[in-house]
1. Looking only at region 435-445, how many residues end up being touching a helix residue (DSSP H, G or I) at 6+ places or on another chain (Cβ under 9 Å) and on the phi < 0 side of the Ramachandran plot?
2. Please determine, by comparing only the residues of region 203-237 that are assigned to a helix (DSSP H, G or I) and among the aliphatic types (A, V, I, L, M), which one is farthest from Glu269 (Cα to Cα).
3. Can you work out which of the residues in region 361-374 that are touching a helix residue (DSSP H, G or I) at 6+ places or on another chain (Cβ under 6 Å) and farther than 22 Å from Pro238 by Cα is surrounded by the fewest Cβ atoms within 10 Å (Cβ to Cβ)?
4. Being small (Gly, Ala, Ser) and modelled with pLDDT of 95 or more narrows it down to one residue among Ala422, Ala367; which is it?
5. If the requirement is being in a loop (DSSP other than H, G, I, E, B) and surrounded by fewer than 20 Cβ atoms within 10 Å (Cβ to Cβ), which of these qualifies: Ala317, Ala334, Ala381?
6. Could we say that Leu127 is modelled with pLDDT of 95 or more and open to solvent by 20 Å² or more (accessible area, probe 1.4 Å) here?
7. Answer yes or no: is there a residue in region 238-261 that is at pLDDT 95 or above, in contact with a Ser or Thr (Cβ under 8 Å, 6 or more places away or on another chain), hydrophobic (A, V, I, L, M, F, W, C) and not in a helix (DSSP H, G or I).
8. Would you be able to tell me the number of residues in region 214-265 that are open to solvent by 40 Å² or more (accessible area, probe 1.4 Å) and small (Gly, Ala, Ser)?
Amino acid sequence: MGARRGSRWLWTMAILPAMAVSACGGSRLTHDAILTAVNGGALPTAQVQQQEQQGAVSSLPQNAVTQPLPGSSSGTGGASRAATGTGAPLTGGTGGTGSGGSISGAATAAGSAPTAAKPAGPLAPILVGNVGSYSGPVGSSLAGADTMVQVWAQWTNAHGGIAGHPVQVFTADDGGDPQRSLALVKDMVENKHVIAFLANMIPFTIQAQLPYLHQHNIPIIGGENSGTAWTSDSVVFPTGTTINEALQGDYKTAHQRNLTKLGIIYCIESPSCGNMHDYTVNGGAARAGETLVYQSQVTITQPDYTAQCLGAQSAGAQVIFLALEANSIMRLGASCSRQNYHPIYIATGIQTTRELEGNPDLEGFFAASQDFPYMLGNTPATTPYQQAVQQYAPTLRLSGATGTAWASGQLLVKVASAGIGAQPTSQDLLNGLWSLHNETLDGLTPPLNYVKNQPSPPVSCYFLIELKGGKWTAPSGDTDAC
């Protein structure tokens, strides 16, 4: 076993020059190729196919920061070294469809490239996991967050890690299966020894994870915020606007625009969709001055939504909240356009992606975004986000999920920098989270506050994004509304 681990380590170091060549414009390795190489070389075709079918966990020592070697003769318990290369670019996230997230413009202006990683010394790595529903129908909105947390880790390690600690992220796709989701979490905790989960995108599977995470006192830092668990459970820490407050932001914005007749179309597959419906009909719409004139429950596997479009049109709905994922949103928009019905659509930012851009059926679509508008890159807080994507995953499709993944990583930097120990623990991170007061990460999030051993308070402020001229825009820039 020791010889095998040693040979893997030598292979990791051997591949670094090839990764550096790829980053500098040579032959580009795919994300999967890099992960396979770092984890021990090429796999047989059958094994690759099996792992793809099972959604195997992937891990990448970001920026090629080596982890301490077990049994090292070093008196420090195994010194880590940081490579000088910046690593190869990653491809888009698991389950992604398309490459609309590549970045243009000045994100790679002279002097903006990350510096070489600083030597990490003997400090132990901070090991974190990420589990999400990146395949299946809901993956059309959430895929890419897994790649984004890897991008964040590479960028972080290229800038010295967190208080001298390198970061390593393990990612996995649960496919929306609760049993698989729990199995992946257990594997990461018991075999990978992660001390937290970062940006978990789990609208269908969060309840399967929570009892186990409570048992081991392990936090989830950031995620899709689509359900009430984010404000009712003490081990989850939302990094942005919570769900009921995001809906209220949408409804208030609609009312301000004189769109007073509201419809809601919501999915049957997820309890989160039902929660959105319940909030809306039980006073949420009325509090914003909206009149609910139409409601319909649907499945996200429907090929056509003509019946719902005709129903909403007959009811006079001017604006429709869509508790659906991106692909269903596009199908519904097309169905309504065929009936010459063009209401304004609204949703939460986590549901949106750049694949909705250029779609005339969706012009005027707006959403309350839980974190910074992900198309921005012109502020001190958002410039590194765009630079990191350009550096490590230039074809990544940006979305609400990728923005939240980045904000979640930056929150981890904040809390770990304030008090992580030589051997990082979950308790270190919990203590850091509980110490925050009105934290905005320089504009990446609304004000965040957490209470020791209590569920997180609702986060009521939000950012507004809007499809205008076929492009996602931020009408208020990085200024939030409350």
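The values are calculated or read from the model by the stated rules, or taken from the named source; none is laboratory data. No experiment lies behind these values; they were computed from the predicted model shown. In this analysis, Cβ positions are derived from the backbone assuming ideal geometry, glycine residues included, and neighbour counts consider all displayed protein chains. With ligands, DNA and RNA removed, areas are computed over all heavy atoms of the protein, side chains included. Shrake-Rupley method; radii C 1.70, N 1.55, O 1.52, S 1.80 Å.
1. 5
2. Ranking the qualifying residues of region 203-237, first place goes to Leu213.
3. By that ranking, first place goes to Asp361.
4. Ala367
5. On inspection, the qualifying residue turns out to be Ala381.
6. yes
7. No, region 238-261 contains no residue that is at pLDDT 95 or above, in contact with a Ser or Thr (Cβ under 8 Å, 6 or more places away or on another chain), hydrophobic (A, V, I, L, M, F, W, C) and not in a helix (DSSP H, G or I).
8. Within region 214-265, residues that are open to solvent by 40 Å² or more (accessible area, probe 1.4 Å) and small (Gly, Ala, Ser) number 1.
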